[in-house]
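Beneath this line is the structure, given in structure tokens, with notes to follow.
Rule-based calculations on the coordinates, nothing more; no lab input. Everything quoted here is computed from the prediction, not taken from an experiment. When we count neighbours, we look across all protein chains shown, and the Cβ atoms used for this are built from the backbone with ideal geometry, even at glycine.
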There are 2 protein chains.
Amino acid sequence: MMRDVSTLIQSKGPYETGERIYKIQDQFKSLFIIKSGVVKLEKVDNDGNSHISGFYFPGDVIGLESIGDEQYNYNAIALEKTWVCEIPLDRLESLGQSIIAVQQTIITLLGKRVHQADDMLTRGRYLSSEQRLLVFFEMLCKRYFIQTIDSKKKLHLPMSKVDIASYLGMRPESVSRALRNLQNQGVIQNHLKTIEIKDLNVAKKMICKSRWGLLRDKC
Amino acid sequence: MMRDVSTLIQSKGPYETGERIYKIQDQFKSLFIIKSGVVKLEKVDNDGNSHISGFYFPGDVIGLESIGDEQYNYNAIALEKTWVCEIPLDRLESLGQSIIAVQQTIITLLGKRVHQADDMLTRGRYLSSEQRLLVFFEMLCKRYFIQTIDSKKKLHLPMSKVDIASYLGMRPESVSRALRNLQNQGVIQNHLKTIEIKDLNVAKKMICKSRWGLLRDKC
DNA sequence: CGGGCGGTTGATTTGTGTCAAGGAGGGTGG
DNA sequence: CCACCCTCCTTGACACAAATCAACCGCCCG
């Protein structure tokens, strides 16, 4: 007899802004699907500097990055009011045959995660700070499902510019300057918690002009 | 009745230097364990520039990076005479129950792969080119199993300096210069296809002095 | 012998980090 | 409601590491 996976899964939340879904060195035993809200993953070094490894949105799974370890190796922090579903891994074995399907799902998710990371590695290095920001906004647009009328996109930023800087491997000052430049060029409009993409076509072209012509086919 | 995994696995090789174990857009259907030799994974963009995403050694599994896709998304190129074992994934289902164990193994491997990539992302950005090279050599030492007498390590480089540059996100000229600097400081000795680590302790110290104090605990 | 590729070196430019300062917004307490 | 503070963000002047451009060497291989 095969039990349903859903009997193991339970909803958790809400987590308020700044609350942690899990933290570094908590015992790793569950993945979490984000039902609503936004989550960042951060590492904190000895000097107290935080380093952002990614932002995650509804439908995304977090915890994958800790598979293979005993403990979580990142803090998962809600950036808005957030609900998640907990998927405990230690009890999956009681599912019987369907464990194969679950494993298959995890493999697929991990595969995507590897692609994503490899992509960042091979692409990111060869992009200017302005390009990195545009790529970032493009990603947000895809994930975030913006209401878009006539190719003009208003983009809410749930994370601070400091977090964006950390994620993109830049300093906050550089983010600020790059945004100003893009604004002067008429590509975007920079507000505090919002970015407005004025000229999507120009933006896309700018992303592709990698200094060494990398990955021009991706556009 | 449970068939043995090993009945599905067969040895392939030798691949000579420059030969491809698989290439981009080949149908993805197998992983490969490297039995002997060295393999690099590269992407080639439209302008013909190649971008190295990693080097792999005996015991490593390649093909993981393409899981989830229909085709391989990198070229796997032998850097020396290389033997591999092919692990076809499409016939794993005929293994019956033991598929769970195989899947579990794959999950573990993918997990490590994610860690590795995340690490590169969060660390790499904050290291100078000299530090990146030292980290690279350190990695080679670990993987490559050098015969080491009295903490003086001679390190054979199967890959070109150009490949190293690409992998580390630098230009060949910068690699050259960084090596010269390290040599002038007495840390290493730079030969054409060999690096000699003269002062391991100094090397380790240099790696740790991240500009922003990142990950000092790793040392 | 000659061509090509990998590697090295030098002169110069440039992007982005660094340091220092100031501003805008939001929250808290009087 | 205002004053204060704190954090996030922005701006400017400057420094520096690495990219760029150009040239050259040495090795391998036809």
Counting as exposed only trypsin sites (Lys or Arg not before Pro) in DSSP loop states with no more than 11 other Cβ atoms inside 10 Å, the longest exposed-site-free span of chain A is A:4-192
Proxy exposure order for A:V44, B:V202 (fewest C-beta within 10 Å first) is A:V44, B:V202
Exposed-loop cut sites defined as chymotrypsin sites (Phe, Trp or Tyr not before Pro) in DSSP loop states with at most 14 other Cβ within 10 angstrom; longest site-free run of chain B spans B:1-144
Correct response: the longest run of chain B lacking exposed GluC sites (Glu not before Pro), defined by DSSP loop and at most 16 other Cβ within 10 Å, is B:81-219
For the range B:14-31, in residue order, the Karplus 3J(HN,Hα) values (coefficients 6.51, -1.76, 1.60; θ = phi - 60°; whole Hz; Gly and Pro = x) are x, 9, 7, 3, x, 6, 9, 6, 8, 9, 3, 6, 4, 5, 7, 8, 9, 9
Residues whose built amide H sits under 5 Å from the amide H of A:I188, excluding neighbours closer than 5 in sequence, are A:Q183, A:K198
Rounded to 0.05, the calculated FRET efficiency for the beta carbons of B:K12 and A:V102 at R₀ = 25 Å is 0.20
At 20 °C in a medium of viscosity 1.002 mPa s, chain A has a Stokes-Einstein diffusion coefficient, with Rh taken as the Kirkwood radius over alpha carbon pairs, in µm² per second, of 113
Length-normalised contact order of chain A, Cα under 8 Å, at least 6 apart, in percent, tallies to 20
If amide H atoms are modeled at 1.01 Å from N in the peptide plane, then the residues at a separation of 5 or more from A:E19, or on another chain, having amide H under 5 Å from its own are A:A78
Shielding of A:102-110 by other chains, given as the mean Cβ count within 10 Å, works out to 5
Calculated from DSSP helices alone, with each H run of at least 4 adding -39500 (n - 2.57) and the total divided by the residues of chain B, [θ]222 nm to the nearest 500 comes to -10500 deg cm²/dmol
Filtering chain A for DSSP H helices with an axial alpha carbon extent of at least 24 Å and a Kyte-Doolittle mean of at least -0.5 returns A:99-124
Summing +1 per Lys or Arg and -1 per Asp or Glu among the other residues with Cβ less than 9 Å from B:I188's Cβ gives -1
Distribution output for the range B:2-122: share of Cα-Cα pairs per 5 Å bin in percent, first bin at 0, values 2, 11, 19, 23, 21, 14, 7, 2, 1, 0
For peptide A:32-38, the mean count of other chain Cβ atoms within 10 Å per residue Cβ is 0
